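For reference, the structure is listed below as structure tokens.
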Amino acid sequence: MSTSGENKETRVRAALSIAGLDPSGGAGLIADVRTFDHLGVHPMGVASSITFQSTRGVTGRYDLPPGEVRAQLDTLYEDRRPDAVKTGMLGSAAVMQEVAGFVKEREARMLVVDPVIESGDGAPLLGKGGLSKMVELLLPLAALVTPNVKEASAICGFDVFEVSDIEAAALWIVKAGAGAVLVTGARREDEGGAIATDVYFDGRKFRVMDSPWIEGERIHGTGCVLSAAVTAFLASGVQLPTAVERAREVVRSAILGAVRVGSGTACADPTSFKETAGETA
Ligand code: PLP
């Protein structure tokens, strides 16, 4: 165990989430911060939107004015530039544009973009014009984009179900300028049962990653935990393909260990993940 003196002398690795506040703690900034902290990097958070939300669903949202998001970022960066950054729910086209402009100016190279468009139960989390701004301005700056199949379909403008569609979507997103893409959550049936397929594409090779489908109710916050875990591993110095593999393990543990917080949807719990020996960065 280190003393507080040692901690002050060694500059801690830090990851930043620019995302929405989900007051229930199941998704958004709070889920990201819990994931960063659990994976051993100092959590930083910039709020882009405040949602009115419980585990029963989203009843509304207040998107911060872009200048206020910018002021949070400027103030933070004047002091400390994080080692990796993720964006989650950005809320509006104006904030999308502001955040993309900031990332471009500050050369935040380790950028993970979770392209949040709506909540799992269909509440809109991105306003009018936000999607086209995301494609035009934010995707070209991303080291990794992490859409689920529904988000991939909205981004690319075609249905994404089969592995061939997922590969086409991944290619589309890399052509839009992203360094790499992880499309998640495709459900396939196999002789042995249902399979969850994720496809990783870095512009050269497709990697199809299967794991047994975890049956049961929908779990809140899985996309946030996945992209936050990749960001935390990148901030720790882990290379992108390994960061993606390990983040998939984190999200699997978070689903298996999901907690009942309120009377609605159960929440992914990133603290269920246990690091196996020899896996630190
Ligand atoms: N609320 C916020 C602030 C989010 O960022 C997200 C997802 O990214 C959600 C809600 C939706 O989470 P889920 O789709 O897991 O229910």
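Derivation of every value follows stated rules applied to the coordinates shown; laboratory data play no part. Owing to the predicted nature of the structure, the values given are computational and were not obtained by experimental measurement. Note: ideal-geometry Cβ built from the backbone for every residue, glycine included; neighbour counts use all protein chains shown.
Relative contact order of segment 156-232, taken over Cα pairs closer than 8 Å and 6 or more residues apart, is 21 percent.
Taking a ≥ b ≥ c as the square roots of the Cα gyration tensor eigenvalues, segment 174-281 comes out oblate, since a/c reaches at least 1.5 and a/b does not exceed b/c. Taking other C-beta atoms within 10 angstrom as a stand-in for reagent exposure, Thr231, Thr197, Thr59 fall in the order Thr59, Thr197, Thr231, fewest first.
Taking a ≥ b ≥ c as the square roots of the Cα gyration tensor eigenvalues, with a/c under 1.5 meaning rounded and otherwise prolate when a/b beats b/c, else oblate, which class fits the chain? Note, shape of the chain comes out rounded. Calculated mean residue ellipticity at 222 nm for the chain: -11000 deg cm²/dmol, from DSSP H runs with n ≥ 4 weighted as -39500 (n - 2.57), summed, divided by the residue count and rounded to 500. Rounded to the nearest 20 debye, the dipole magnitude of segment 1-136 is 80 debye, with +1 charges on Lys and Arg beta carbons, -1 on Asp and Glu beta carbons, and the Cα centre as origin. If you take every residue apart from Leu182 with its C-beta less than 11 Å away from the C-beta of Leu182, what net charge results, scoring Lys and Arg +1 and Asp and Glu -1? Here the count lands on -2.
Each part reduced to its alpha carbon centroid, segment 82-127 and segment 150-221 end up 20 Å apart. Rounded, prolate or oblate: which one fits segment 147-204, using the alpha carbon gyration tensor with axes a ≥ b ≥ c (rounded when a/c is under 1.5, else prolate when a/b beats b/c, else oblate)? Because a/c hits 1.5 or more and a/b exceeds b/c, segment 147-204 counts as prolate. Farthest toward the positive end of the dipole of the chain, out of Thr231, Ile195, Leu64, is the Cα of Leu64, where the dipole comes from beta carbon charges about the Cα centre. Residues whose amide H falls under 5 Å from that of His42, counting only those 5 or more places apart or on a different chain, are Arg13, Ala14, Ala15, with hydrogens built in the peptide plane. Of the trypsin sites (Lys or Arg not before Pro) found in segment 5-107, the ones in coil according to DSSP and having at most 16 other Cβ atoms within 10 Å of their Cβ are Arg11, Arg56, Arg80.
Under 16 Å between alpha carbons, and skipping anything fewer than 8 positions from Lys205 in its own chain: which lysines qualify? Straight-distance partners of Lys205: Lys175. The residue list Gly216, Leu73, Ala27 was ranked by how far each Cα lies along the charge dipole of the chain toward its positive end, using unit charges on Cβ atoms, and Leu73 comes out on top. Hey, what did segment 98-163 get for relative contact order, percent, Cα under 8 Å, at least 6 apart? For segment 98-163, the relative contact order is 37 percent. Remark: segment 115-160 carries a charge dipole of roughly 140 debye about the Cα centre, counting +1 on each Lys and Arg Cβ and -1 on each Asp and Glu Cβ. Across the chain, the relative contact order, built from alpha-carbon pairs under 8 Å that are at least six residues apart, equals 18 percent.
What residue among Val112, Ile255, Gly185 has its Cα farthest toward the positive end of the dipole of the chain, where the charges are +1 on Lys, Arg and -1 on Asp, Glu, each on the Cβ? Comparing the listed Cα positions along the dipole, Val112 ranks first.
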